[in-house]
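For reference, the structure discussed in these notes is given below.
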Amino acid sequence: MNEIIPRKSLHEEVAAQLREMIVNGELVAGKKAPEADLCQRFGVSRTPMREAFKALAAEGLIRLVPNRGAIVAKISREDVAELFPIMGALEGLAGELACARVTNAELARIRRSHEQMVRHYERGEIAPYYRLNRAIHEAIFEAAGNVTLTAMFQTLVARTASVRFTAQTSPARWAEAVADHDAMLKALEARDGPALGRILRDHIRHKLDMVNEALEGVTR
């Protein structure tokens with residue numbers, strides 16, 4: 001008997017789109033998610049949109065406020081301290097798994113992305129740098145081949161997007177991030193899982209330090 005492959009429900013598809021908008025900063029922390037505009041944009045009724053809002057509220061990405069609607073959640077200093085170590089653990093595990101599974105073709109794509117990212121860094125182009133930076137991390141999770149791990153990480157990425165991608169990056173911290181990525185690529189190409197796991201955990205700790213410095217108005 002043929003097995004039926006389940007498809008995502010409409011509200012899950014809408015939730016995925018909204019999650020991406022939060023990560024990209026298109027939906028801004030502390031601001032209302034415009035329900036009517038979003039329904040028109042995605043061509044859906046209010047019912048799946050509100051179901052999507054409920055799903056994102058359960059993930060901590062949106063607050064449902066009576067008489068105000070859906071508000072994109074802000075992240076607190078306490079949230080930062082709690083979530084970043086979890087992200088580091090998930091990234092580290094993804095790196096270890098990726099080293100055991102990554103193909104030569106995947107390695108080649110990651111190297112090309114890395115080289116393009118470094119060129120943007122050298123030209124001081126922060127927006128395209130961040131796009132490729134994120135793509136490299138996503139490629140490592142894809143190479144790891146663990147759907148549950150990836151889903152957990154993406155939820156945390158969305159919750160921390162307002163500080164991960166908008167905190168002012170000092171020259172020293174930016175250079176540190178690029179050095180981390182150089183080390184990541186070398187470990188991945190060597191298929192050294194323990195080394196890549198350690199580098200990725202350190203990379204997230206460096207990101208946490210950068211975010212805390214930005215929140216405190218400290219430069220380095």
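The values are calculated or read from the model by the stated rules, or taken from the named source; none is laboratory data. Note that the structure is a prediction, hence the values are computed from the model and not measured. Methodologically, a virtual Cβ is constructed for each residue, glycine included, from the backbone with ideal geometry; neighbour enumeration extends over all protein chains shown. Side chains are part of the model used for accessible areas, which takes the heavy atoms of the whole protein and leaves out ligands, DNA and RNA. Shrake-Rupley method; radii C 1.70, N 1.55, O 1.52, S 1.80 Å.
Points worth noting:
- The single condition among (1) on the phi < 0 side of the Ramachandran plot; (2) at pLDDT 85 or above that residue 165 does not satisfy is (2).
- In the range 58-114, residue farthest from the chain's Cα centre (by Cα) [restricted to those that are farther than 30 Å from residue 31 by Cα and not in a helix (DSSP H, G or I)]: 103
- Boolean, residue 42 is aromatic (Phe, Trp, Tyr) and open to solvent by less than 10 Å² (accessible area, probe 1.4 Å): no
- The residues of the range 86-144 that are open to solvent by less than 20 Å² (accessible area, probe 1.4 Å) and in contact with a Ser or Thr (Cβ under 8 Å, 6 or more places away or on another chain), listed by number, are 87, 94, 136, 141, 143, 144.
- Just one of the listed residues (129, 121) is part of a helix (DSSP H, G or I) and touching a His at 6+ places or on another chain (Cβ under 6 Å), and it is 129.
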